[in-house]
1. Taking the options Glu330, Glu399, Glu324, name whichever one is open to solvent by 10 Å² or more (accessible area, probe 1.4 Å), closer than 24 Å to Thr81 by Cα, out of contact with any His (no Cβ under 7 Å at 6 or more places or on another chain) and not β-branched (Val, Ile, Thr).
2. Looking at this structure, is Leu185 open to solvent by 30 Å² or more (accessible area, probe 1.4 Å) and either of a type in the set (D, E, K, R) or under 25 Å from the mean Cα position of the chain (by Cα) (or both)?
3. Take Arg384 and decide whether it is out of contact with any Cys (no Cβ under 8 Å at 6 or more places or on another chain), at pLDDT 95 or above and of a type in the set (D, E, K, R).
4. Pick from region 230-249 the residues that are under 21 Å from the mean Cα position of the chain (by Cα) and touching a residue at least 60 places away in the same chain (Cβ under 8 Å): which of them is most open to solvent (accessible area, probe 1.4 Å)?
5. Check Asp317, Asp219 and return the single one that is more than 19 Å from the chain's Cα centre (by Cα) and open to solvent by 10 Å² or more (accessible area, probe 1.4 Å).
6. Taking region 289-314, which residues are within 19 Å of Ser276 (Cα to Cα) and open to solvent by less than 20 Å² (accessible area, probe 1.4 Å)?
7. Looking at Lys258 and the list (1) surrounded by 23 or more Cβ atoms within 10 Å (Cβ to Cβ); (2) over 27 Å from Ala211 (Cβ atoms), which single condition is not satisfied?
8. In region 117-146, how many residues are assigned to a strand (DSSP E or B) and more than 19 Å from Phe236 (Cβ to Cβ)?
Amino acid sequence: MQARNMSLKAFLSRRVVTPQGIIAAAVLVEDGRILDVVPPHQLPTQISLKDFGEAAILPGLVDSHVHINEPGRTEWEGFRTATRAAAAGGYNLLVDMPLNCLPATTTVAALEAKRKAASGQCHVDWMAWGGVVSDNQEQIERLAAAGVPGFKCFLIHPGIDGFTMVNERELRAALPHVARTGLPLLVHAELPGPVDAATRRLAAADWSTHATYLQSRPDEAELSAIQLMISLCREFHFRLHIVHLATSHALDMLRAAKSEGLPVSVETCPHYLHFSSDKIPDGQTLFKCAPPIRSRENREKLWQGLREGVIDLVATDHSPCPPEMKRLSERSFRTAWGGISSLSLALPVMWTEASARGFTMADIARWMAEGPARLAGCDTHKGRIAKNFDADFVVFEPEAEFIVTEEHLHYRHRVSPYFGERLRGVAKATYLRGNCVFADGQFSGEPAGRELRRSQTAGSFE
């Protein structure tokens with residue numbers, strides 16, 4: 001036993017966030033896996049011990065909605081910078097979206113190019129969604145066989161060439177293939193009709209105001225798209241996931257779809273839960289995202305959707321670009337790139353808002369670790385502090401506060417709509433398979449992140 005104890009490590013805290021609740025415990029780690037979670041008085045003797053005291057230990061976060069943009073647009077972000085920002089923010093696993101990179105991940109060859117680009121660069125683990133576009137139906141099952149955990153599609157132009165949107169006819173051609181894989185289809189749920197009509201009406205409006213942009217992406221665009229997807233889910237029996245839900249008006253139909261037993265899941269994002277449209281200054285295009293940030297009342301109803309479980313998880317939709325694409329000098333919400341980067345800040349943003357509403361760190365773990373891991377199909381070993389899971393966790397000081405400045409951002413282009421915000425909660429350290437990859441603002445060691453590939457055996461990964 002003594003020889004074995006030399007290879008064991010223990011991480012102790014008075015607040016360990018487990019599936020059974022928040023408890024005083026020691027997390028025992030061996031060979032990168034959690035051997036057990038035990039009461040402090042049951043610690044083995046002669047063991048390497050790290051005592052974090054009152055700082056909490058949360059499961060390592062999983063972000064199932066990230067645009068890493070490599071290969072092809074590494075000047076926008078890239079694996080090295082995205083995974084550094086993830087480690088600093090308490091994330092252990094990123095799932096990369098199939099667009100904004102070149103080539104888009106819509107073929108097995110493009111997936112292999114992404115794997116080659118990522119090699120040796122990643123500070124945390126990663127996976128890659130496949131894409132469903134207008135003409136790649138024959139690639140869907142091949143991508144599944146090559147290891148992707150699911151697929152992403154757009155029902156509206158994604159704002160960039162190289163990844164085509166799909167209409168209902170094209171969806172109907174793709175969905176039998178998606179259904180056969182058993183994997184989820186992640187949908188950017190806005191239909192172009194309401195957006196195009198609103199944009200035409202606003203042609204002469206003042207596009208320096210967020211109010212104009214908000215009117216150009218009406219709730220109806222989301223509502224009609226979600227209604228269509230629920231109908232198709234009922235018809236084709238595939239797993240449907242609605243990404244970045246922004247309108248609370250969709251909650252009733254989503255609640256009904258879940259009550260019907262349809263395999264529907266839903267995410268929203270930190271920016272929809274923190275900001276509100278009435279507080280966005282004119283010309284501040286850093287706040288532009290699609291769908292847009294909506295009203296204060298809408299925000300509170302999204303929180304209620306989380307409370308009720310209609311919304312399953314929170315993902316960042318980290319969507320960076322070079323600062324000039326935000327048109328900060330032009331101050332135009334019409335021409336600026338739509339995307340908000342938040343990998344380094346999502347945990348304190350969420351904790352600031354959640355703690356003020358009576359939620360606990362167990363809720364954060366469910367929304368930002370367990371839920372995204374389940375969506376990505378790796379919830380047998382990611383997303384929880386539990387026996388036989390990967391020893392991935394974040395050391396978190398929930399009472400600490402800070403004001404966001406550039407030094408808190410670790411992604412490539414350090415611009416943010418969160419500058420000046422007072423946030424609650426600090427990620428002090430991040431551990432990947434029991435090894436520290438980030439602590440007190442510093443990164444440790446060489447990049448040790450791996451790609452997780454879904455194998456042909458359902459539920460297992462390589």
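The values are calculated or read from the model by the stated rules, or taken from the named source; none is laboratory data. Please read these numbers as outputs of a predicted model, since none were measured by experiment. With ideal geometry, Cβ positions are generated from the backbone for all residues, glycine too; neighbour counts draw on all protein chains shown. Ligands, DNA and RNA are excluded from the accessible area calculation, which covers all protein heavy atoms including side chains. Shrake-Rupley method; radii C 1.70, N 1.55, O 1.52, S 1.80 Å.
1. Glu324
2. No; evaluated as a whole, the condition is false for this residue.
3. Taking the combined requirement at face value, the residue satisfies it.
4. That would be Arg239.
5. Asp219
6. Of everything in region 289-314, those that are within 19 Å of Ser276 (Cα to Cα) and open to solvent by less than 20 Å² (accessible area, probe 1.4 Å) turn out to be Cys289, Pro291, Pro292, Ile293, Arg294, Asn298, Leu302, Trp303, Gly305, Leu306, Ile311, Val314.
7. Of the numbered conditions (1) surrounded by 23 or more Cβ atoms within 10 Å (Cβ to Cβ); (2) over 27 Å from Ala211 (Cβ atoms), the odd one out for Lys258 is (1).
8. 4
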